[in-house]
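Values in this text are rule-based calculations from the coordinates and carry no lab data. All figures in this text were calculated on a predicted structure; none of them were measured in a lab. No Cβ is skipped: glycine too gets one built from the backbone with ideal geometry, and neighbour counts run over all protein chains shown.
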Amino acid sequence: MRRQLKTIYAEISWYCDPWEAATLKTRHGERIFTNHGKYTPCNLLDPIKNPAQQNPLFWQDVRQWYFALMNNDIDKIQGYYRLYGQLNVIPPDEKYDYQGYDFGLHSYEDAWRFNEEALGWFNFLTCLTDWLKKKKFGPLWELFGKPRVTNSGSIDLYPEANSPLDLQSLGLYQIRYSIPSIIPLEKLRDPAFVRPTKYEHQTPQDDTQLLQAVWNVIVDQVEMMMNEIELTPFRGGDATKPNLTWRFRVYGAFQAAFLQWYFQELADVNIEKCAKSGCEKIVPPDRRKYCSKQCYAAAAKQRQRIRKAMEV
Ligand SMILES: [Zn+2]
């Protein structure tokens, strides 16, 4: 059964407020801004700049932000703040209606950690999607492990077991695959059925099941983040556009990058299997009906052969 990713097209509404004069220093091993350079009159007078609308590579740049943090590259981190302003990620313990400020509500230490967690999550999710679309089975099998039956009901995909992040407060940015039970659903629904104390779960057994599992994980994560983003109707003054348009309202580079990635890389994707008989591959977003030129050609030949056979 294929799970649909429900999509809506809307503009990304974000007032990008770069911290143009941000100065980042290390003091006693802690990264501290000696100057945020925010809310300068110059910024307020600037026309609204929205990199998520203007630069198609914006989300990839934000993805790299993670590595700047992990490598503690002070110059690069400072550069990102000067370009895009705050990330404004949602701290794991303030999941709902969060509209915060990178270093406002929390200690520096916590704020940096939240940023690392969230950017790591984004980096992981975008890689996972890329592997799915390109069918890179190597790293995907590495993540899910060999086909097996297990008593454990889930696999932690992110963070990895040997992650350099010290994550105790997770939840929001944790990616977990729930391994389906081998007990049929009808049995579980039957009130007379006595559940065994130990469930047996079955991990993906072949490439098709693996791709399906990855897709489910991605849809879960996307829905989770979409749930955090406010969608508002907007009456535009542009006569060439419909009267009512929709806007995703975001308050920092993190969700702006997430949305841009979502619209560019995911909104159009629906998993479809190749139409050539005997081929079980998934049709990538840049192709229609057939997974590859080879399958398209093979299917055309097959049709030709059938026509010939009927002529005789
Ligand atoms: Zn095919």
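Structure summary
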quantity: Neighbourhood net charge (15 Å Cβ-Cβ; Lys/Arg +1, Asp/Glu -1) for Pro184; calculated: 0
quantity: Förster radius 22 Å - calculated FRET efficiency between Lys133 and Ala297, Cβ distance, rounded to 0.05; calculated: 0.50
quantity: Residue-count net charge about Ser152 - beta-carbon cut-off 13 Å; Lys, Arg +1, Asp, Glu -1; calculated: +1
quantity: Cα-projected label distance for Thr34 with Ser154, points at 7 Å along beta-carbon direction, nm; calculated: 4.4 nm
quantity: Asp61 versus Val194: modelled label distance in nm, points set 7 Å from Cα along the beta carbon direction; calculated: 6.4 nm
quantity: All aspartates and glutamates inside 17 Å of Lys187 as judged from Cα atoms, apart from same-chain residues fewer than 8 positions distant; calculated: Glu200
quantity: Cα-based reach from Lys133 at 19 Å (exclusive), listing aspartates and glutamates while leaving out same-chain residues under 8 positions away; calculated: Glu142, Asp206, Asp207, Asp220, Glu223, Glu265, Asp268, Glu272, Glu280, Asp286
quantity: Given Lys49/Lys76; Lys135/Lys289; Lys134/Lys273, the pairs whose alpha carbons are separated by over 19 Å; calculated: Lys49/Lys76
